[in-house]
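Asks: Pasting in a structure now, in structure tokens, and then I'll have a few things to ask.
The values are calculated or read from the model by the stated rules, or taken from the named source; none is laboratory data. On a predicted model such as this, the values are computed, not experimentally measured, just so you know. As a convention, Cβ positions derive from the backbone with ideal geometry for all residues, glycine included, and neighbour counts pool all protein chains shown. With ligands, DNA and RNA removed, areas are computed over all heavy atoms of the protein, side chains included. Shrake-Rupley method; radii C 1.70, N 1.55, O 1.52, S 1.80 Å.
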Amino acid sequence: MELLMNVVDWSRAQFALTAMYHWLFVPLTLGLGLIIAIMETIYYRTRDTKWLATTKFWMTLFGVNFAIGVATGIILEFEFGTNWSNYSWFVGDIFGAPLAIEGILAFFMESTFIAVMFFGWNKVSPRFHLASTWLTAIGASLSALWILVANAWMQYPTGCTFNPDTMRNEMTSFLSVALSPMAMSKFFHTVLSAWVLGGTFVVGVCGWMMLRNRNAEHCRRSLKVGAWVGLVGIVLTMVTGHSSAVTVAEHQPMKLAAMEGLYRGSTEQPIVVMGLLNPAKTAENRERTFITEMDIPYGLSILATSDPHAFVPGINDLIDGFTINENGDTVNTISYAERIARGREVQKALALYQQAKEQGAQPAVIDSLKAVIDQDFRYLGYGYLEKPAEAVPNVPLTFYTFHLMVLLGGYLMAFLLLALFFAYKRQILDKAHWNKWWYRLAVITIPLTYLCSMCGWIVAEVGRQPWTIQDLMPNKVAISDLSAGYVQTTFWIFAVVFTALLIADISIICRQISKKSLTDLDSVNQ
């Protein structure tokens with residue numbers, strides 16, 4: 001078992017490494033794609049060559065980021081087959097469908113029109129070129145849609161049925177998979193947060209230029225578009241963040257409890273604004289949860305259910321299997337111990353079903369075993385757990401990253417409001433003795449936005465552990481039959497390669513920013 005968990009931990013670390021490096025490039029592609037489409041639209045309407053120069057400047061940075069993002073994304077998809085082959089076998093009929101659509105339709109579309117976008121300035125009409133730029137931005141968002149549909153299905157498996165003859169989950173409703181509440185909330189929340197990153201990136205790069213007294217006119221043009229896109233993005237991200245929390249409360253209550261460090265829930269449950277967790281606290285002891293905390297009354301009940309008096313279950317409530325209904329009555333649900341027992345019964349029934357099929361048993365026997373499987377199949381994954389506490393995610397990591405994400409989100413709202421104000425009232429900033437500190441803050445905000453985005457993904461993925469597929473397949477069942485040494489070796493290879501790619505990306509972008517002068521930008525002709 002120790003050797004198995006070593007393989008699981010290293011496989012998870014490798015996938016997390018790949019995913020997090022990939023996510024360094026994806027949101028900037030989504031955000032900058034929209035921004036350059038808006039800028040080119042302004043150029044198309046005004047025919048002002050200064051807007052053409054500005055569009056081409058940001059388009060160059062977009063292209064560099066896009067290319068390296070594709071490289072890391074391809075490796076990420078291959079890892080499903082190399083490191084998680086049991087998972088791929090179990091749900092390949094479902095999980096593979098949105099990924100196939102992403103590759104055939106969305107990625108093909110953006111890859112086709114990005115060529116026109118970069119090389120068609122003097123070869124196609126301005127209208128067709130503008131359409132190509134918008135289609136590239138839309139194609140990038142469609143790629144994100146189908147990848148997030150696949151990810152959302154892992155969080156909330158729907159639109160499928162289990163076939164005991166093939167030991168695979170098979171899709172029964174594509175629309176249920178594609179339009180599940182988890183998929184829609186995840187897509188909008190993710191793409192809108194990418195607008196925030198794109199906006200702060202533009203504002204931050206302009207801040208870097210203004211510190212060096214270069215490209216002032218270009219920066220003033222760019223700041224307005226970047227600040228508007230970022231501000232709209234952060235407002236809508238907060239709105240979709242609430243809908244995401246409602247979805248999580250309904251379908252992944254254990255994740256919500258971990259996000260709040262909530263072990264015992266209550267009606268009129270407050271939400272923790274800031275807190276320091278007691279490191280000795282676990283689901284298996286009675287230690288106090290927080291060393292210190294500050295909360296808002298009724299906050300979590302409102303966030304999860306929109307009802308300030310609703311009961312929100314904690315970690316131990318879910319493990320023990322009880323809740324409180326709208327009438328205030330305690331209601332027994334299925335405890336995790338019972339889920340484990342039912343999951344093991346399903347596993348036994350599956351083994352007997354396969355044996356009965358091989359021996360040509362009577363149809364009545366086979367049908368009765370299938371009925372047992374169908375009745376409690378949703379608890380199959382629990383049968384692989386040793387004890388209920390194993391179903392609890394890493395509470396400190398989930399709690400702190402969630403609250404850091406919220407804190408940074410509030411900061412970004414304030415920052416982008418100020419950025420938009422200064423973009424239109426630049427004389428105030430130009431005359432202020434502290435304007436260089438503002439530009440430095442704009443530069444620092446770029447990595448802070450990345451940190452906020454990364455925290456969101458850590459909450460989403462760590463908060464659903466130990467599940468590869470929620471309630472159906474834990475990590476230790478999903479992995480391939482590999483040695484720990486093999487996974488460790490490839491982990492470090494990927495770490496070196498991805499770090500080199502990141503350094504190359506930052507280096508090329510910095511050179512592109514540095515080599516442009518105001519004369520270059522304002523004299524570009526179509």
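Asks: Would you call Gly381 of a type in the set (Gly, Ala, Ser) and either more than 30 Å from Ser222 (Cα to Cα) or in contact with a strand residue (DSSP E or B) (Cβ under 9 Å, 6 or more places away or on another chain) (or both)? Steps first, please.
Replies: Values: of a type in the set (Gly, Ala, Ser): yes; either more than 30 Å from Ser222 (Cα to Cα) or in contact with a strand residue (DSSP E or B) (Cβ under 9 Å, 6 or more places away or on another chain) (or both): yes.
Yes: the conditions hold for Gly381.
Asks: Determine which member of the set Ile469, Ile458 is of a type in the set (Val, Ile, Thr), touching a strand residue (DSSP E or B) at 6+ places or on another chain (Cβ under 9 Å) and under 27 Å from Phe78 (Cβ atoms).
Replies: Details: Ile458 fails: touching a strand residue (DSSP E or B) at 6+ places or on another chain (Cβ under 9 Å).
Going through Ile469, Ile458 in turn, just one is of a type in the set (Val, Ile, Thr), touching a strand residue (DSSP E or B) at 6+ places or on another chain (Cβ under 9 Å) and under 27 Å from Phe78 (Cβ atoms): Ile469.
Asks: Hand me the list of helices (runs of 4 or more DSSP H) wholly inside region 374-472 holding 1 or more residues that are open to solvent by 40 Å² or more (accessible area, probe 1.4 Å) and within 30 Å of Gln347 (Cα to Cα).
Replies: Numbers: elements: 395-424, 426-431, 435-462.
Hits in region 374-472: 435-462.
Asks: Let me ask something else. Suppose we filter Met274, Met294 for residues that are in contact (Cβ under 8 Å) with a residue 60 or more places away in the chain, more than 28 Å from Glu386 (Cβ to Cβ) and open to solvent by 70 Å² or more (accessible area, probe 1.4 Å); which single one remains? First the steps, then the outcome.
Replies: Working: Met294 fails: in contact (Cβ under 8 Å) with a residue 60 or more places away in the chain.
Matching residue, one of Met274, Met294: Met274.
Asks: As an exercise: evaluate Val124 against (1) open to solvent by 50 Å² or more (accessible area, probe 1.4 Å); (2) without any contact (Cβ under 8 Å) to a residue 24 or more places away in the chain; (3) among the β-branched types (Val, Ile, Thr) and give the number of the one condition it does not meet.
Replies: Unmet for Val124, out of (1) open to solvent by 50 Å² or more (accessible area, probe 1.4 Å); (2) without any contact (Cβ under 8 Å) to a residue 24 or more places away in the chain; (3) among the β-branched types (Val, Ile, Thr): (1).
Asks: Could you please find all residues in region 80-108 being crowded, with 18+ Cβ neighbours inside 10 Å, in a helix (DSSP H, G or I) and touching a residue at least 24 places away in the same chain (Cβ under 8 Å)?
Replies: Taking region 80-108 first, the residues crowded, with 18+ Cβ neighbours inside 10 Å are 80, 83-84, 87, 90-91, 94-95, 97-98, 101-102, 106-107.
Subsequent filtering for residues that are in a helix (DSSP H, G or I) retains 80, 87, 90-91, 94-95, 97-98, 101-102, 106-107.
The answer is Tyr87, Phe90, Val91, Ile94, Phe95, Ala97, Pro98, Ile101, Glu102, Ala106, Phe107.
Asks: Now a separate question. Within the bounds of region 352-360, is there any residue that is modelled with pLDDT under 90, under 30 Å from Thr240 (Cα atoms) and loosely packed, with under 11 Cβ neighbours inside 10 Å?
Replies: Looking for residues that are modelled with pLDDT under 90, under 30 Å from Thr240 (Cα atoms) and loosely packed, with under 11 Cβ neighbours inside 10 Å, one finds none in region 352-360, hence no.
Asks: Take the residues of region 258-271 that are part of a loop (DSSP other than H, G, I, E, B) and over 25 Å from the mean Cα position of the chain (by Cα): which is surrounded by the fewest Cβ atoms within 10 Å (Cβ to Cβ)? Explain how you work it out, then say what you get.
Replies: Taking region 258-271 as the starting set, the residues that turn out to be part of a loop (DSSP other than H, G, I, E, B) are 260-265, 268-270.
Okay, now just the ones that are also over 25 Å from the mean Cα position of the chain (by Cα), so 263-265, 268-270.
Values: Tyr263: 23, Arg264: 13, Gly265: 24, Glu268: 16, Gln269: 26, Pro270: 19.
Among them, the one singled out is Arg264.
Asks: Still on this structure, please answer the following. So, in region 491-508, how many residues would count as being under 24 Å from the mean Cα position of the chain (by Cα) and surrounded by 16 or more Cβ atoms within 10 Å (Cβ to Cβ)?
Replies: The number of residues fulfilling the criteria is 5.
Asks: Could you list, in sequence order, the residues of region 12-45 that are free of Cβ contacts under 8 Å to residues at least 60 places away in the same chain and farther than 25 Å from Thr237 by Cβ?
Replies: Result: Tyr43, Arg45.
Asks: In addition: Can you confirm whether Glu338 is surrounded by fewer than 19 Cβ atoms within 10 Å (Cβ to Cβ) and assigned to a helix (DSSP H, G or I)? Spell out the reasoning first.
Replies: Values: surrounded by fewer than 19 Cβ atoms within 10 Å (Cβ to Cβ): yes; assigned to a helix (DSSP H, G or I): yes.
For Glu338, the condition - surrounded by fewer than 19 Cβ atoms within 10 Å (Cβ to Cβ) and assigned to a helix (DSSP H, G or I) - is met.
Asks: Could you say whether any residue in region 243-264 is within 20 Å of Leu441 (Cβ to Cβ) and not aromatic (Phe, Trp, Tyr)? Break it down into steps so the answer makes sense when it comes.
Replies: So the first thing to find is which residues in region 243-264 are within 20 Å of Leu441 (Cβ to Cβ), and the list is none.
No, region 243-264 has no match at all.
Asks: Does Trp146 satisfy the condition of being open to solvent by 30 Å² or more (accessible area, probe 1.4 Å), under 25 Å from Thr60 (Cα atoms) and among the hydrophobic types (A, V, I, L, M, F, W, C)?
Replies: Numbers: open to solvent by 30 Å² or more (accessible area, probe 1.4 Å): yes; under 25 Å from Thr60 (Cα atoms): no; among the hydrophobic types (A, V, I, L, M, F, W, C): yes.
It is false that Trp146 is open to solvent by 30 Å² or more (accessible area, probe 1.4 Å), under 25 Å from Thr60 (Cα atoms) and among the hydrophobic types (A, V, I, L, M, F, W, C).
Asks: A further question follows. Gly63 fails exactly one of the following numbered conditions: (1) over 20 Å from Ile509 (Cα atoms); (2) open to solvent by 10 Å² or more (accessible area, probe 1.4 Å); (3) not charged (D, E, K, R). What is the number of that condition?
Replies: Every condition holds for Gly63 apart from (1).
Asks: Could we say that Trp134 is touching a strand residue (DSSP E or B) at 6+ places or on another chain (Cβ under 8 Å) and either surrounded by fewer than 21 Cβ atoms within 10 Å (Cβ to Cβ) or farther than 25 Å from Phe188 by Cβ (or both) here?
Replies: Numbers: touching a strand residue (DSSP E or B) at 6+ places or on another chain (Cβ under 8 Å): no; either surrounded by fewer than 21 Cβ atoms within 10 Å (Cβ to Cβ) or farther than 25 Å from Phe188 by Cβ (or both): yes.
Spelling it out, it is not the case that Trp134 is touching a strand residue (DSSP E or B) at 6+ places or on another chain (Cβ under 8 Å) and either surrounded by fewer than 21 Cβ atoms within 10 Å (Cβ to Cβ) or farther than 25 Å from Phe188 by Cβ (or both).
Asks: Restricting to region 342-362, what's the tally of residues that are part of a helix (DSSP H, G or I) and without any contact (Cβ under 8 Å) to a residue 12 or more places away in the chain?
Replies: As a first pass, look at region 342-362 and keep what is part of a helix (DSSP H, G or I): 342-358.
Retained after the next criterion (residues that are without any contact (Cβ under 8 Å) to a residue 12 or more places away in the chain): 348, 351, 355, 358.
Of the residues in that region, 4 qualify.
Asks: Follow-up. Looking at the structure I just gave you, is Ala484 open to solvent by 30 Å² or more (accessible area, probe 1.4 Å) and either in contact (Cβ under 8 Å) with a residue 40 or more places away in the chain or not β-branched (Val, Ile, Thr) (or both)?
Replies: Here the answer is no, as Ala484 does not meet what is asked.
Asks: A further question on this structure: Can you name the residue in region 159-189 that is free of Cβ contacts under 8 Å to residues at least 60 places away in the same chain and assigned to a strand (DSSP E or B) and, of all such residues, is most open to solvent (accessible area, probe 1.4 Å)?
Replies: Thr161
Asks: In addition: Kindly provide the set of residues from region 230-257 that are of a type in the set (D, E, K, R) and open to solvent by less than 20 Å² (accessible area, probe 1.4 Å), ordered by number.
Replies: Lys255
Asks: Here is a follow-up. Just to be sure I understand the filter: pairs with C-beta atoms under 8 Å, separated by 6 or more residues or on different chains, first member in region 211-239 and on the phi > 0 side of the Ramachandran plot, second member open to solvent by less than 60 Å² (accessible area, probe 1.4 Å) and among the aliphatic types (A, V, I, L, M). Which pairs pass?
Replies: Going by the 8 Å Cβ cut-off, the qualifying pairs are Asn215/Met209; Asn215/Leu521.
Asks: Also, I was wondering about something else. So is Trp153 in a helix (DSSP H, G or I) and surrounded by fewer than 22 Cβ atoms within 10 Å (Cβ to Cβ) or not? Steps first, please.
Replies: Numbers: in a helix (DSSP H, G or I): yes; surrounded by fewer than 22 Cβ atoms within 10 Å (Cβ to Cβ): no.
No.
Asks: Determine which member of the set Asp9, Asp48 is under 30 Å from Ala478 (Cα atoms), free of Cβ contacts under 8 Å to residues at least 60 places away in the same chain and surrounded by fewer than 18 Cβ atoms within 10 Å (Cβ to Cβ).
Replies: Sole residue among the options that is under 30 Å from Ala478 (Cα atoms), free of Cβ contacts under 8 Å to residues at least 60 places away in the same chain and surrounded by fewer than 18 Cβ atoms within 10 Å (Cβ to Cβ): Asp9.
Asks: Looking at region 307-327, which of its residues are in a loop (DSSP other than H, G, I, E, B) and modelled with pLDDT of 85 or more?
Replies: To start, the set of residues in region 307-327 that are in a loop (DSSP other than H, G, I, E, B) comprises 307-310, 313-314, 321, 325-327.
Passing the criteria: Asp307, Pro308, His309, Ala310, Pro313, Gly314, Gly321.
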